[in-house]
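Values quoted throughout were computed directly from the atomic coordinates according to the rules given, and no laboratory measurement underlies them. Quick caveat, the model's predicted, so the values are computed rather than measured. We place every Cβ from the backbone using ideal geometry, glycine too, and count neighbours over all the protein chains shown.
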Amino acid sequence: MGSRGQEITLIIDGREVGATEGEMLHDAAKRGDVEIPVFCYEPKLGEPVGACRMCLVEIEGIPKLQTSCSTPVRDGMVVHTRTDQVKHAQSAVVEFLLVNHPLDCPVCDKGGECPLQDISMGWGPGKSRFTDPKRHFQKPLELSPLVAIDRERCILCYRCVRFSQEVSEDEQLQLLDRGDRTFVGTFDDRPYVAPFHGNITDLCPVGALTNYTYRFRARPWDIEQAGSVCTLCPSQCNVSFTIRDEEVVRVVARDNAEVDDGWLCDRGRYGFEMFVAEERVRGPRLRGGVEVSWEEAIAKAAAALEAGGAQSAAIVGDASNEEGYLVQRIMREALGSPNIDSRPSSGPARETLVKLAQPEISARVRDIDDAGVILVLGTDPLHSSPILDLRIRKAIRRNGAKLAVATEAPTTLDGGATAVARYAPGGATHFLSDLANGLRNPDQGEASEIAETLRDAESVVVIWGDRIAREGAGAATALLDVASALELGGKDGSGLLEVPDFTNARGLREAGCLPDASPGLTATATGKDTESIRAALESGELKTLLLFGVDPLRDFPDTEAWKKALAAADHIVAFSTFETATTAMADVVFPLETHAEKDGTVSHPDGRLQRVRPSASRPGDIRPNWGVLAELSLTLGHDTNISSQPSAFAALANTVPFYAGITDSDIGGRGIRWQEAVPERAGGAGSPDTEPKAPTPPAETAPAPRRAASAEAAPPAPPAAGSLALSTYRDLWAGPITELNPPLRFLAPQQRVELSVSDAQRLGLSSGEEVSVSRNGSSVLARVAIKERVPEGTCLLIEGTAEGNANGLLNGSRVSVQIEKIVAA
Amino acid sequence: MSPESGFEAHNAQSLPVDPSLVEGRVPDRPPEQVPELHEVDCPPELRERIEALMSRYPDRRSVSIPALWAVQRLYGWCTPQGIRQAAAVMRVTPAYLESVASFYDLLHTEPVGTHKVAVCTNISCWMRGGDELLDAFRAAVGDEADFFVTGFECLGACDISPMASIDERYFGPLEAAEAQTAIEQLRAGDAVLPEKALEKRPLPGGPDA
Amino acid sequence: MPETRLLLKNAEDPALRTLDGYKGYGGYATLEKAYREMEAEDVLKELEDSGLRGRGGAGFSMGKKASFLPRGEMQKYLCCNADESEPGAFKDRELMQRNPHQLIEGIAIAALAAGAGHAFIFIRGEYDLQADILDMAVAEAYEAGYLGEDILGTRRDLQLIVHRGAGAYICGEETALLDALEGKRGNPRLKPPFPAVQGLYGGPTLINNVETLSNVPHIVSNGAEWFRGFGTEQSPGTKVVSVSGCVRRPGNYEVELGIPTRELIMDLAGGPAEGHELKAFYPGGSSSPVLKAEEGLDLPYSFEAMAEAGSMLGSGSIIVADDRVSIPHMALRTARFYHHESCGKCTPCREGTNWTVKMLERVVRGEATPMDLDIISSVQENIIGHCLCVLGDSMAMPVGAMVRKFREEFEVVIAENQTELVTA
Ligand SMILES: Cc1cc2nc3c(=O)[nH]c(=O)nc-3n(C[C@H](O)[C@H](O)[C@H](O)COP(=O)(O)O)c2cc1C
Ligand code: SF4
Ligand code: FES
């Protein structure tokens, strides 16, 4: 895959076709408008396998027909795709494929969008001479709770099993038996449960693999496709919603190599039933569920905020850039309050964020493909940004990238890593400053194995979880120090790629949802971050709280403290998609749109501005959120002059220097990285009413300190005897995604405490038994899960579960816990 | 509008709504990923055998067939439990090993009798009575679970056709009547048809001239 | 005319199996000579000049194939193909069982020529006895320093592993063999890349048949000229021929390539039983198009002559059918084999073998019409040249030939619904 040859020309069916040396004949032909039918060929799956034989063509000078899917083009090659010999071969293959195919198109979900149907029509013999009995299987069977398999329809193209082997590498889906008895299945008929398995339903060229969530729900002629962006995690994959009667009935990938490589995780694919869940907030209401008119709700909200005035605060989470931008304007301009944040607790100061945002040390998602070394730092992409997991596996498998993993806890990528380092919970800062030293002076150090792997790499992409920054100011500084030690600025294809907790964290930061930065990360009067907002509410220093797309009681550390804070607040105005424990405490609740309904932009962690487009109708009495915010501001006596989504974006683009001049058409269907938006157009033709601005954040690139000699740099003290250091993570499946989507319900994680074999022995614990995990006072119930790769002295809990949420134990600093058996009374 | 009522609206008179849209499906059993050793209590001898094999090959996956042979030798066939144990040692999914096992005729993913008799029914043996020999063995065994009698493709011993592989050793040429004898000898634990063992057979052309 | 035994020389002596026995007949002297006195290039040259052709089926020049391997430091591999699963073939079994050290010596010398540091003998799982014998012999050879590290103090290494298959004919196909060795299902790979360039674990790999490799010590010790003294211009050397089916003395006969086929079948193997006529035979295993008696008996038994006659020498296995054998039934047996063994990876082979069997079953049940014979022929044509490997062709060619050459017999079978077959 990696590098490509030079431009050449070949002759296909008598016409000259330009191509790139080494690309496959099928692809070259396609660009020359010559269609060669394929079944097994799918470049996204890696090397061609040449199994189905559908794509046979004639190449002059080669006696036998060749499979065009696996034949690299050469200059001057002369190819025939419609000679009698080729036609004969292709119709023979179609006839063979149909020998065992049931031809039950009328009752098949694939009907109308089925490659087998199309190719049979276009290249088949029209009738089959096969009169003997076909093979039979029990059908349809439950391959997984989400995917049905009809083995009689399977044409054994290998796509699904290759996905499982070579893309997601879960290796659960396999071919069993041999010859024409071969069938697709799993070990011992277990369910195929893996976070990306839904992709096989996109890949299957026949009706053998279909989604239970879509079976019998629509036919191709009564649906339409609507392109948007999935905002269920920071990956922001491009999706296409299948809409029937203004409702989402299916989600499929909308291939964007810059973002998702054409894959989707099951979260994004099946997480659409919740759009119409009972728990959905369908209109404005007051405390206690009293439904009110929009006018009344807005008036009440305005009154609450007015009452708070400068003693109001806002926390923004699941929001578009425009919504974030408007919220901070309400705070800063209408209320004169600097207290606004978009992070679960705290984070780096503006200066540091500016340095982190410098284009020369920022990596694109695509850079992962050709990276020499990938460093995964303080996060497990599978849980925090799933699609990156596939991207990293691809880089290793196909382009020989090396992987280094440095985390508190085991990750799903460890198996393919060249070097793995485990630091104690809360020890990232110390690890990083060690690594920086290790890189600068090649002597040994704790981080040396990782340093060895990174040293003199052609290019390095550092994928880092923003939660390490919560360890304190030192963490981000240490990270910058590592970046400069690696000379990321100098090497192209190198850079940092952040994995934030919130989907649109980057966009919200750049839109000014920070306590110390207004839009464009520009300096401003410093207010309180989320953690201090909580404290100030509790102490009464702050009066009114505006929550936009956040649920502190589930998602933020230290649940108890948040309960106190919310109880102490005079007024709470909450914008929320669903009813939550938090909305139950709010005085006014406004409904939020989902990414199937919203119109707005979001910013990918790599700086790509993407457009979320309204695809489905809004249930109930939901209104566009930008409009609600504009009206709220107006009611507060401050006119934002925003009358439409485009004007909202224009206002944002005019305020954020490095968005200057970017228009909706620049963003288009694929998005655009502001770092790559043509500078000379910045402030030019794109947006006449702004004077030229620098295309990058105010460059305060003082060289990073040689050493991050801050307090955090000290290694975390080992936990007291008998207790374990607690490491927590947000599980891919924790939260509304599994609670409000019936098809995904079976994936809802029960709280379990993962610990090492030796710790389990020491504490006399065995897998599956129920224990209480406690930290002075607060405790959660969990089941024991013994895991070989969990480091001794550490245990793991999940954040955001319905029961036993680990956030109940956290307090924003290092935590160690006791584990006790539950003695049945 | 909840999904199923939406569904009814569209397809009032047609197909039933899929239950997973309403309450979701629940798998009957957990999925099977790469098992950890402490989960499978692998017999030490099996574990050592497979680890020894892995140390000899440039790539650990190469040992899948030998590892499955080891499992089959230990349990009589490739039991799900045995496959999980081998998978845990090899650090692959059980599905991977089952897929491999199911590809090969000599690896059994279903229970089989302890004594294995494979009778060649391919061209040369067929010409010389392979089918009749197979029938004779089937008759001699009846439904005794201890024996596993199958017809088999060419075993590479057409020179002693019709022939059979009995507990992995070749015998032939066999008269149909000798099937009975062989089975009795197996039951009694005696040496099987000593004079018909392939090993005893001279070159047809005799010693070097 | 008697046999000409080079590979089967002294094979009647049970002691030959042991290291001492083998050395007693001068064994391993050539390995010592090659490792001590010869460069890879010299060995390679001898092999190329000898004109030794592969004995596994394709008949490709062994020396030339070895010379395709890139030179240089990368890890290279040698695989001995001992899968011998083609109906009618049992010569490799004989060679491994009676003279394992000859094969090991051949492998060691070929590995030297190819620059391979790792070698494997992939032996079909059914050959349990032969695999045990090889295991013993390999252990002896390691013990004696002919294998392992720093062989005979020449600072040359060779690791040799006997790898047992588990019952799949397709694993004899060289790229499927590689997948099987890598621990996967034995599916053939796309070619190119050819194994010589990118084979086992992605490294350059030389794959040769047991008999091919067993020839190597003789060639290197006596020289290419000597070897060319046997056989024909285009088919030098001797061939161990497996003769079976309707003959009085089935078994392996080692003869010079090019002797009249009649001598092999009628004299050495004794021909059909008293009072029966030879009807047809597969000259090169079940994959080779059958020849009628009158077509084939007087051809010289060589690669070129068999190719000219529209068939092939293949693995050098002759299956004889006499006048009692029903060709439609024989066609069915043949098709069933390939249907059972098809790996299922590519469409024409997977579905074509299945379809052919179903049609032939109807033919012998008398439930077919002559038009089905046309469909059978056309299906064979639709398979040939369209598959990923040649397993599909290996059914289509002989089955196609049988329908073509014995059409009236098929029609009779259909007509009379005759299913009985008298056996020898
Ligand atoms: C379906 C199929 C089965 C084969 N089986 C064998 C076999 O059992 N033994 C063998 O030596 N070659 C077999 N071959 C040929 C091998 O692919 C390969 O050509 C041969 O091993 C090369 O060795 P040689 O050049 O010494 O003949 C088979 C080929 C095909 C297509
Ligand atoms: S299930 Fe679909 S994708 Fe999988 S092998 Fe069959 S046809 Fe191909
Ligand atoms: S698409 Fe080329 S062989 Fe399947």
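Annotations for the structure displayed:
- Beyond 18 Å, the tail of the calculated P(r) for segment A:733-825 holds 47 percent of the Cα pairs.
- Three-way shape label, segment A:211-277, alpha-carbon gyration tensor, a/c 1.5: prolate
- Charge dipole (Cα centre; +1 on Lys/Arg Cβ, -1 on Asp/Glu Cβ; no other charges) of segment B:161-209 amounts to roughly 40 debye.
- Relative contact order of chain A, pairs being alpha-carbon contacts under 8 Å that are 6 or more residues apart, as %: 12
- Applying a 4.7 Å Cβ-Cβ cutoff to chain B, the cysteines left without a disulfide-compatible partner are B:C42, B:C78, B:C154, B:C158.
- Projected area, mean over directions - segment A:439-568, Cα convex hull, nm²: 10.5
- Over chain C, relative contact order from alpha-carbon pairs under 8 Å, at least 6 apart, %: 16
- For the protein assembly as shown, convex hull of alpha carbons as volume per residue, Å³: 199
- Segment A:1-127 - Rg over Rh from alpha carbon coordinates, Kirkwood radius: 1.00
- Shape analysis of segment A:759-812 yields a ratio of the Cα radius of gyration to the Kirkwood radius, Rg/Rh, of 0.95.
- When C:M62, C:M266 are sorted by how many other C-beta atoms sit within 10 angstrom of their C-beta, beginning with the fewest, the order is C:M266, C:M62.
- Expressed as a whole percent, the proportion of Cα-Cα pairs in segment B:43-176 lying more than 21 Å apart is 49%.
- Anchor A:K44: lysines whose Cα lies under 18 Å away (excluding residues fewer than 8 positions away in-chain): A:K30, A:K394
- Rounded if a/c under 1.5, otherwise prolate or oblate - segment A:255-342, Cα gyration tensor axes: oblate
- Averaging the sequence gap over all C-alpha pairs within less than 8 Å and six or more residues apart, then dividing by the number of residues, gives segment C:79-147 a relative contact order of 45 percent.
- Between the beta carbons of A:Q138 and B:E144, assuming R0 = 41 Å, the FRET efficiency works out to 0.85 to the nearest 0.05.
- Angstrom value of the Kirkwood radius, inverse mean 1/r, which spans all Cα pairs in segment A:410-509: 14.3
- The ranking of A:T655, A:T635 by Cβ neighbour count inside 10 Å, starting from the fewest, reads A:T635, A:T655.
- Distance histogram in 10 Å bins (all Cα pairs of chain A, percent per bin): 2, 12, 21, 25, 20, 12, 6, 2, 0
- Among beta bridges from DSSP that stay inside the protein assembly as shown, the antiparallel ones total about 50%.
- Ranking of A:E788, A:E23 by count of other Cβ atoms within 10 Å, fewest first: A:E788, A:E23
- Max-minus-min Cα coordinates of segment A:494-582 on each principal axis give 46, 30, 21 Å, with the largest extent listed first.
- Restriction of the chymotrypsin sites (Phe, Trp or Tyr not before Pro) in segment C:1-41 to DSSP coil positions whose beta-carbon has at most 15 other beta-carbons within 10 angstrom yields C:Y25.
- Here the simple spin-label model places points 7 Å from the Cα toward Cβ, and for C:S377 and B:L37 these points are separated by 6.5 nm.
- Within segment A:291-344, the percentage of alpha carbon pairs spaced more than 18 angstrom apart rounds to 37%.
- Rounded to two decimals, the Cα radius of gyration of segment C:41-98 over 2.2 N^0.38 Å is 1.35.
- For segment C:106-148, GluC sites (Glu not before Pro) are listed when DSSP marks them as loop and at most 15 other Cβ atoms sit within 10 Å of their Cβ; the list is empty.
- Placed amide H near A:V251: partners under 5 Å, 5+ positions off or other chain: A:T242
- Loop trypsin sites (Lys or Arg not before Pro), segment C:70-154, which have at most 15 other Cβ atoms in a 10 Å radius of their Cβ (DSSP): C:R71
- As a size descriptor, the averaged projected area of the C-alpha convex hull of segment C:1-87 was calculated at 8.7 nm².
- Global dimensions of chain C from alpha-carbon coordinates: Rg and Dmax equal 21.8, 72 Å.
- Convex hull per residue volume in Å³, alpha carbons only, for segment B:105-209: 102
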